[in-house]
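**Student:** Please read through the structure below; I'll follow up with questions.
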Amino acid sequence: MTTLTDMTEAHTEVLTSYPPSADFAAAANATAALYDEAEADRLAFWAEQAHRLSWDTPFTEVLDWSQAPFAKWFVGGKLNVAYNCVDRHVEAGNGDRVAIHWEGEPVGDSRVLTYAQLKDEVCKAANALTELGLVAGDRVAIYMPMVPEAIVAMLACARLGVMHSVVFAGFSATALRARIEDAEAKLVITTDGQYRRGNAVSLKEAVDEAVKGQDCVQHVLVVRRTGIDVDWTDGRDLWWHEKVDAASTEHTPEAFDAEQPLFLLYTSGTTGKPKGIIHTSGGYLTQASYTHFNVFDIKTDTDIYWCTADIGWVTGHTYIVYGPLSNGATQVVYEGTPASPDEHRHFQVIEKYGVTIYYTAPTLIRTFMKWGREIAFAHDLSSLRLLGSVGEPINPEAWRWYRLVFGADATPIVDTWWQTETGAAMISPLPGVTDCKPGSAMRPLPGISAKIVDDDGNELQPSSDHGEHLTGYLVLDKPWPSMLRGIWGDPERFKETYWARFAEQGWYFAGDGARYGSDGEVWVLGRIDDVMNIAGHRISTAEVESALVGHAGVAEAAVVGASDDTTGQAICAFVILKAHHAEMSNEQMVDELRAEVAREISPIAKPREIHVVPELPKTRSGKIMRRLLRDVAEGRELGDTSTLVDPTVFEAIRAGKS
Ligand code: PRX
């Protein structure tokens, strides 16, 4: 683990702050009173937020923290998550409201799903899953591109109390296999193929490889998306259009306990083995719904909301599926990449649907910056009234560009800090209340408590505008409704990973370094563990290292995240080759290794650079000094090398790098 002093100061404070316009503030869903209400009685505040949902059986206790860190929220309450996301809007007379404007990657390929239609689809899928023998508590792996059926599949699972484990369709067969195995999924839902930059490529092939020899998987349910040929295993494989379309649209939702597990989502930690983060029903949906309503200021009659995330990540779960749908919002769901068929695509989509709220990641904003503002300015973006950012710190320059080019220098920007583990937004402006400072996520949302502390748990002081900025650990010092309830099959790892660092105080340590600004606002600086953030994707150094050493030619590997102008961080690997591989040229070897990482994890984890080196810098206890490798990767002067066994190793590494 790196120490706080290793952390380079990512931002210099910019004093200009951006208040919301008077009009925006006057019409905003959330006012400053929300902070006061939460402050006055936190648990009563959360009970009130929970009452935004429809409960079958009311809860009798807001929070049971007696088994900390294993929380129970809304004890005794029962509800059905899918009913809350779909049926109740239809019952309220809003069945004709559009739930999803779906835009396929091929231009002209689009679909509209109203809430009534979505309800029918979810019911059919729930009936089909029941016929396949799935019961509450089972796990289903979903490995799909951004098609409406992916959302239907998630909601059908939720309706049945079955846990979904969505695996990003960019992950390799090997990564999918590990996740299916860990969760012991009974069913995999996928598509024949997916569109990637205009080409139809297979997806089912990866599923075939991933489920080979796995006893747990009984069926593979396949949506026909591209029409490409697929291999078929009779008895195991089923077409969605045959199985689901034949099912009834009648399905009575069963109410489940507030703590019924809702989903698993695998994320990278500091070891090579991804963790299955467990989220449950009542608390998760309460916070997803509350934050979506207040942070995105959603007005169901007029807003067209677009979150550009993929359902393979937590942002897609919370701010495409559960948040917007529980609020009865109308949203755009886009299947493809931003540059398909060209760089105008996102702007065309905004223009076509009159998108009012747009939520994306800093890495994409920086890509748009590179493409140039003329592209954005070729389109009418005047419908936009609120912008959002998530996934990594947004640099102030990108923040200002985003507001200027997307938001006509007028829209608020909500920079939302949260994690797979937190389930929903935690630190973020309220758009009608907060004077935003570009680059800061500002302060914890009403009902949420966070602190920045030093090694001993003492809270840091606000930084002065000039001089030294003190960096500390970002901790969550009070439980919150959408908190993770554990790591699948590994309660010890859950305690060790998140609760051990400040065990005495009983705080959750988020893995991020942060500092306070002069007004006490939070500046998140990034991970201080060995987790990298590549274009908003979380990848651990250990995962990439284990993929590299899995290659027969590699003796040792060390991986670091080096800063990158577009993707935030980029992966740099240093490898020592085994002697017998000397016949192959280093270039060939590097190509092979990059392919190996793509095969083992995903193309998104391919190192930007792989350097073949004769030696790695190690401490006397044998620990690789990643901090020094980061210095090398970023071309900096070397930090303190006094603890190295052999300080001359750097000459050799630098030679290998050039
Ligand atoms: O380092 C923080 C960064 O992303 C990490 C969480 O990654 P993940 O679980 O994949 O979830 C991403 C989407 C919620 C955090 O530990 N991060 C996320 N949002 C921000 C951020 N860093 C700074 N500012 C943010 N707004």
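Values in this text are rule-based calculations from the coordinates and carry no lab data. In this text the structure is predicted, and so the values were computed from the model without any measurement. Glycine also receives a Cβ, built like all others from the backbone with ideal geometry; neighbour counts cover every protein chain displayed.
**Student:** Charges only on Cβ, +1 for Lys and Arg, -1 for Asp and Glu: so what's the dipole of region 531-657 about the Cα centre, in debye to the nearest 20?
**Tutor:** On the way: 15 positive and 19 negative charges, 71 e Å.
My answer is approximately 340 debye.
**Student:** Ranked highest first by the average count of other Cβ atoms within 10 Å around their residues, in what order do 494-501, 456-463, 327-334 fall? Before the final figure, lay out the partial values.
**Tutor:** Working: 494-501: 17.4, 456-463: 13.6, 327-334: 23.2.
My ranking of the peptides, most packed first, is 327-334, 494-501, 456-463.
**Student:** Starting from the coordinates of the alpha-carbon atoms of region 29-81, obtain the Kirkwood hydrodynamic radius over all distinct pairs and give the value in Å to one decimal. Present the calculation step by step, with values, prior to reporting the outcome.
**Tutor:** On the way: mean 1/r = 0.0818 Å⁻¹.
Evaluated over region 29-81, this radius sits at 12.2 Å.
**Student:** Once you list every other residue whose beta carbon is under 13 Å from the beta carbon of GLY316, what net charge do they have if Lys and Arg are +1 and Asp and Glu are -1? Walk me through the intermediate numbers first.
**Tutor:** Values: positive: none; negative: ASP310, GLU335.
Surrounding charge for GLY316 is -2.
**Student:** Would you please give the residues with an amide H less than 5 Å from that of ASP237, counting only those at least 5 places away or on a separate chain, with H modeled from the backbone geometry?
**Tutor:** VAL220
**Student:** Using +1 at the Cβ of each Lys and Arg and -1 at the Cβ of each Asp and Glu in the chain, identify which of VAL590, ILE350, GLY76 lies farthest towards the dipole's positive end.
**Tutor:** Of the listed residues, the answer is VAL590.
**Student:** For the chain, calculate the relative contact order in percent as a whole number, restricting contacts to Cα pairs under 8 Å that are 6 or more residues apart.
**Tutor:** On the way: 1425 pairs, mean separation 91.9, N = 658.
Relative contact order here is 14 percent.
**Student:** So if I place +1 on the C-beta of Lys and Arg and -1 on the C-beta of Asp and Glu, and nothing else carries charge, what would the dipole magnitude of region 56-141 be about its Cα centre? I want it in debye, nearest 20. Don't jump to the answer; show the numbers that get you there.
**Tutor:** Numbers: 8 positive and 13 negative charges, 38 e Å.
Its charge dipole is roughly 180 debye.
**Student:** Right, here's the next one. Run through region 123-205 and list the trypsin sites (Lys or Arg not before Pro) located in a DSSP loop whose Cβ has at most 11 other Cβ atoms within 10 Å.
**Tutor:** Working: sites: LYS124, ARG139, ARG159, ARG177, ARG179, LYS186, ARG196, ARG197, LYS204; in loops: LYS186, ARG197.
The qualifying sites are ARG197.
**Student:** Taking each pair of different alpha-carbon atoms in region 4-498 once, compute 1/r for the pair, average those values, and report the inverse of that mean as the Kirkwood hydrodynamic radius in Å to one decimal.
**Tutor:** Numbers: mean 1/r = 0.0430 Å⁻¹.
Final number for the Kirkwood radius of region 4-498 is 23.3 Å.
**Student:** While we're here: Given Cβ point charges of +1 (Lys, Arg) and -1 (Asp, Glu) and nothing else, what value in debye, to the nearest 20, does the dipole of the chain about its Cα centre take? Mind dumping the intermediate values first?
**Tutor:** Numbers: 58 positive and 92 negative charges, 70 e Å.
With only Lys, Arg, Asp and Glu charged at Cβ, the dipole is about 340 debye.
**Student:** Still on this model: Using the Cβ atoms and a cut-off under 9 Å, what net charge is assigned to the surroundings of ALA547, where Lys and Arg are +1 and Asp and Glu are -1?
**Tutor:** On the way: positive: ARG599; negative: GLU543, GLU545, GLU596, GLU600.
For residues surrounding ALA547, the net value is -3.
**Student:** Sum up the charges of everything whose Cβ sits under 12 Å from the Cβ of TRP488, counting Lys and Arg as +1 and Asp and Glu as -1, but leave TRP488 out. All intermediate terms of the calculation are to be shown ahead of the outcome.
**Tutor:** On the way: positive: ARG139, ARG179, LYS273, LYS275, ARG485, ARG493; negative: GLU181, ASP182, GLU184, ASP490.
Neighbourhood net charge equals +2.
**Student:** Right, here's the next one. Could you rank the peptides 444-451, 392-399 by their average count of other C-beta atoms within 10 Å per residue, with the highest value first?
**Tutor:** On the way: 444-451: 22.8, 392-399: 20.6.
Highest mean packing first, the order is 444-451, 392-399.
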